[in-house]
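Notes for the one structure printed next.
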Protein chains: 2
Amino acid sequence: MAPDSVREQELAVALLRRRGQRVTPVRRAVIEVLDQTTEHLAAEEIVLRVARTVPGAHRASIYRTLSSLSEIGILTHTHVAGAGAVYHLTATDRPGGEAHAHLQCTRCGRLLDIPVDALRGLARQLDRDLGFELEPEHAALMGVCADCRAASDRTG
Amino acid sequence: MAPDSVREQELAVALLRRRGQRVTPVRRAVIEVLDQTTEHLAAEEIVLRVARTVPGAHRASIYRTLSSLSEIGILTHTHVAGAGAVYHLTATDRPGGEAHAHLQCTRCGRLLDIPVDALRGLARQLDRDLGFELEPEHAALMGVCADCRAASDRTG
DNA sequence: CTGCTTGCAAAGTGTTTGCAGGCCC
DNA sequence: GGGCCTGCAAACACTTTGCAAGCAG
């Protein structure tokens with residue numbers, strides 16, 4: 001495991017403590033699982049992976065953990081069509097961990113990341129016009145990805 | 001019922017026929033329910049309202065209808081956090097039926113409409129950079145609404 | 001020790017599916 | 001009449017909840 005990862009996990013753990021939350025094996029495991037990937041994992045997938053290090057860990061505890069960690073801001077979750085919520089560590093300075101927004105293809109369901117900067121203009125506009133504070137990381141924009149467009153061009 | 005509504009429904013029915021789909025009481029009822037409101041209705045709410053005109057209508061049939069009508073393009077659905085999908089008639093020229101995108105508040109869950117024009121610039125950018133065709137009506141952007149921001153300003 | 005967290009089981013919500021019969025066209 | 005749609009019931013996927021025991025601090 002890269003030193004960066006260890007540091008990342010410790011930061012998260014420290015944040016937990018600072019918020020008066022307890023550091024338990026389940027919580028450590030959830031953080032570790034999410035720290036070991038840049039993917040967006042569904043709760044069920046996290047359950048599976050946590051089971052590898054904490055065999056007894058129960059589904060419900062993990063859901064509760066995901067919820068607590070999201071509240072504190074350690075995790076970010078996005079609701080995607082057809083798959084419930086997906087989770088990832090809130091972006092920090094770790095490599096590949098830049099803040100990003102999400103695009104989802106309505107045809108193939110694939111999830112794409114885009115830099116939050118792409119939404120900066122829109123965010124400013126919504127704030128100015130409606131007083132709405134956009135949370136770009138939380139955004140899930142739907143549409144048709146390049147591959148699926150190409151496919152339908154061929155089909156007619 | 002306004003003449004506009006009647007015409008709107010007939011357009012939908014005609015479109016159904018044109019696509020070789022059958023026009024049944026359940027389908028008529030679903031279209032009628034959605035035509036009588038500008039709200040975004042959850043499937044379950046549609047089930048309730050359809051029951052008023054077609055008492056025997058079954059949940060499953062209505063879900064299947066919602067899915068068929070969405071495929072044809074008569075309906076548009078948006079996935080919202082914590083409430084599954086919400087449906088509305090695809091925007092046409094009817095009053096209050098302009099195409100719109102959706103904002104959802106992460107605090108209070110409220111759904112706000114914004115004109116699709118607000119996303120025009122972003123859509124162009126995504127198309128140019130990624131070949132991604134944004135479907136603005138399908139978009140559900142998350143953030144904090146003005147009311148909730150005001151509330152948290154007060155609370156600290 | 002105190003009480004936040006966990007494990008367990010069951011219920012809850014939202015949606016889908018297989019099948020036989022019914023109705024639209 | 002042929003076959004798309006419907007009603008029914010059960011299954012499904014995802015998540016939440018009440019409770020007693022356990023462990024972190």
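Before moving on, here are some points about what is shown:
- In plain terms, if you count all Cα to Cα distances in the protein assembly as shown and split them into 10 Å steps from zero, the share in each step is 5, 23, 29, 25, 13, 5, 1 percent.
- Here the convex hull built on the C-alpha positions of the range A:112-156 has a volume of 91 cubic angstrom per residue.
- Folded to 0 to 90 degrees: helix B:146-155 orientation relative to chain B principal axis, Cα: 40
- Principal-axis analysis of the Cα atoms of chain B puts helix B:25-35 at an angle of about 40° to the longest axis.
- Angle in degrees between helix A:59-72 and the longest Cα principal axis of chain A, rounded to the nearest 10: 80
- Restricting the range B:1-86 to trypsin sites (Lys or Arg not before Pro) that sit in a DSSP loop and have at most 10 other Cβ atoms within 10 Å of their own Cβ leaves B:Arg22.
- Rounded to the nearest 500, the helix-only mean residue ellipticity at 222 nm of chain A stands at -14500 deg cm²/dmol, with each DSSP H run of n ≥ 4 adding -39,500 (n - 2.57).
- Distance from the alpha carbon centroid of the range B:102-156 to that of the range B:64-90 works out to 19 angstrom.
- For chain B, the average shadow cast by the Cα convex hull is 11.8 nm², which is a quarter of the hull's surface.
- For chain B, relative contact order (Cα pairs under 8 Å, six or more residues apart, normalised by length) works out to 17 percent.
- Within 10 Å of each Cβ in A:64-77, the average number of Cβ atoms from other chains: 0
- Summarising the overall dimensions of the range B:1-88 from its C-alpha atoms, the Rg and Dmax are 12.3, 36 angstrom.
Any read-out appearing in this document is the output of simple, stated calculations on the displayed coordinates, not a laboratory observation. Just so we're clear, the structure is a prediction, and the values are computed from it rather than from any experiment. Because the Cβ atoms are built from the backbone with ideal geometry, glycine has one as well, and the counts that use them run over all protein chains shown.
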